[in-house]
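Notes to accompany the following structure.
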Amino acid sequence: MGVVGLAVMGSNLARNFAHHGHTVAVYNRTTAKTEKFIAEHGDEGEFVPSETIEKFVASLERPRRAIIMVQAGKATDAVIGQLADAMEDGDVIIDGGNSLFTDTIRREREMAARNRHFVGAGISGGEEGALNGPSIMPGGPKESWESLGPLLESIAARAEDGTPCVTHVGPDGAGHFVKMVHNGIEYADMQVIGEAYQLLRFGAGLEPAEIADIFTEWNSGKLGSYLIEITAEVLRQVDAETGKPLVDVILDAAGQKGTGRWTVKEALDLGIPTTGIGEAVFARALSSSLDQRAAAQGNLPAGTLKSFGDLGVDRDEFVEKVRKALYASKLVAYAQGFDEIKAGSAEYGWGVNPGDMAMIWRAGCIIRAVFLERIKEAYDNNPELTSLLLDPYFNSELTDLVDAWRDVVVYATRLGLPAPVFTSSLSYYDSLRAERLPAAVIQGQRDFFGAHTYQRVDKEGTFHTLWSGDRSEVEA
Ligand code: 6PG
């Protein structure tokens, strides 16, 4: 196995391969980095360092397999070109970065034309996952999976039942598409945890360390997940310099590298309402609009805010309701993410199996959670599930969650605390279950001003009302 790019992710992945008994060829554009890698980790397994990409390629066993772990974008294209030049027919180039799936589709085509196999593989789990077992989402040609599969299975995380968290997702861009949606869900999951924190901190007046304890407790139940676990760690951390909770000295402006935004842009094109992910991306953008926020602070009328004491709820009950709102909103975000995977798969003809995605997200990745076992079961029970929310298990969970969820949305609104994903997810939920939507009004408006026509509930056909005439209806 070859690894190109020895920044943290690449070097950890190379070490992971070596720890599993594979001989690993390594190459980095700056030779000093390769030398440093060998000096620090050379004794962990069999490594074959090279100073040039040609030597690196020559050191690989055929069919050659090289995974690229460099920055997504131009750097990836440059390395692919160099590898393809040095490689021969049937060799496999794997892009393990967070590449945009449309770039992957293009690269796969370009490589196929040169008889090279190109595999765009989403890899999740951060630095720790790369070293000890990530969740891997490879796309590309089925033939390359035959030779790559066992290698990737050996280094992937394993779910509790021992299944490796990797599978062939589908052709060309399917792997990177699924990784993109994984990241979109990650954004929503992080945001709902943030909203729960906000309510507990500024609604119920709890201290970060107290909230950390609550999250630790939640982590042992149905909300058990890597993200809840690490949030407790973050909230417990005290800043050495000021003695304050670290969370209070971190600037509240969330960064983003783009995968969440891509998920939403693609959802817009596919017509899939990933409202939870969308609100999470916008929440990050809003948090980073520092000038606008500074201008608005203290200058926008807040209305008649209620204090926590006026809500008529005791703290323990409030905390439990926030847990339920978090759970319900998280469920919506996952349901929407899976809808996007299904729609993307249909649009691009990938044949992605949503249940398999739940299966390989059970361990190793950032969104790993107890809950993913249930999602896998939901798709095992019904591979054609229309929405995750309609699975009998989640449906009965929602019965238990929905009233608390509504209360929390009201509390947040009354206290003037922003909870965009809690709130919009509830609206999505209510829209989905509504017998009638105001879309009928919109169709009427469209027909009125632009003769855009409408359909009727009681007969087939397309109709238009002669609004500026005698207002009779004609068939369009
Ligand atoms: C993962 C992560 C990883 C990365 C995110 C961070 O699955 O291991 O998602 O890919 O940490 O891209 O994204 P932002 O910088 O946009 O938050």
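Yes or no, residue by residue, for (1) among the aliphatic types (A, V, I, L, M); (2) at pLDDT 95 or above; (3) assigned to a loop (DSSP other than H, G, I, E, B):
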{"site": "L437", "(1), (2), (3)": "yes, yes, yes"}
{"site": "Q443", "(1), (2), (3)": "no, yes, no"}
{"site": "D458", "(1), (2), (3)": "no, yes, yes"}
{"site": "H464", "(1), (2), (3)": "no, yes, no"}
{"site": "D470", "(1), (2), (3)": "no, yes, yes"}
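Consider region 253-299 and keep the residues that are farther than 18 Å from F422 by Cβ and of a type in the set (S, T, Y). The one that is surrounded by the fewest Cβ atoms within 10 Å (Cβ to Cβ) is S289.
Look at (1) of a type in the set (A, V, I, L, M); (2) closer than 19 Å to A196 by Cα; (3) within 16 Å of the ligand (Cβ to nearest atom) and you find that L311 fails only one, number (3). Scanning region 13-35 for residues that are of a type in the set (F, W, Y) and either outside any strand (DSSP E or B) or free of Cβ contacts under 8 Å to residues at least 24 places away in the same chain (or both) turns up just one, F17. Please determine whether any residue of region 250-265 is assigned to a helix (DSSP H, G or I) and more than 16 Å from the ligand (Cβ to nearest atom). No, region 250-265 has no match at all. Find all pairs meeting these conditions: Cβ atoms under 8 angstrom apart; at least six residues apart or on different chains; first residue within region 388-400 and at pLDDT 95 or above; second residue not in a helix (DSSP H, G or I). Close Cβ pairs satisfying both conditions: D391/N382; D391/L385; E397/K222. The residues of region 99-140 that are of a type in the set (G, A, S), at positive phi and in contact with a Gly (Cβ under 7 Å, 6 or more places away or on another chain), listed by number, are G125, G133, G140. Scanning region 129-172 for residues that are touching an Asp or Glu at 6+ places or on another chain (Cβ under 7 Å), within 21 Å of E110 (Cα to Cα) and surrounded by fewer than 24 Cβ atoms within 10 Å (Cβ to Cβ) returns no hits. Yes or no: region 232-246 includes at least one residue that is in contact with a Pro (Cβ under 8 Å, 6 or more places away or on another chain), among the β-branched types (V, I, T) and surrounded by fewer than 17 Cβ atoms within 10 Å (Cβ to Cβ). Yes - at least one qualifying residue is present in region 232-246.
The residue that is farthest from the ligand (Cβ to nearest atom), counting only those in region 125-162 that are out of contact with any helix residue (DSSP H, G or I) (no Cβ under 6 Å at 6 or more places or on another chain), within 14 Å of R368 (Cα to Cα) and not in a helix (DSSP H, G or I), is E160. For region 331-376, which positions are within 16 Å of the ligand (Cβ to nearest atom), in contact with a Phe, Trp or Tyr (Cβ under 9 Å, 6 or more places away or on another chain) and basic (K, R)? Once the filter is applied, which keeps residues that are within 16 Å of the ligand (Cβ to nearest atom), in contact with a Phe, Trp or Tyr (Cβ under 9 Å, 6 or more places away or on another chain) and basic (K, R), region 331-376 yields only R368.
The values are calculated or read from the model by the stated rules, or taken from the named source; none is laboratory data. In this text, all values refer to a predicted model and were calculated from it rather than measured experimentally. Note that each Cβ is placed from the backbone with ideal geometry, even for glycine, and that neighbours are counted across all protein chains shown.
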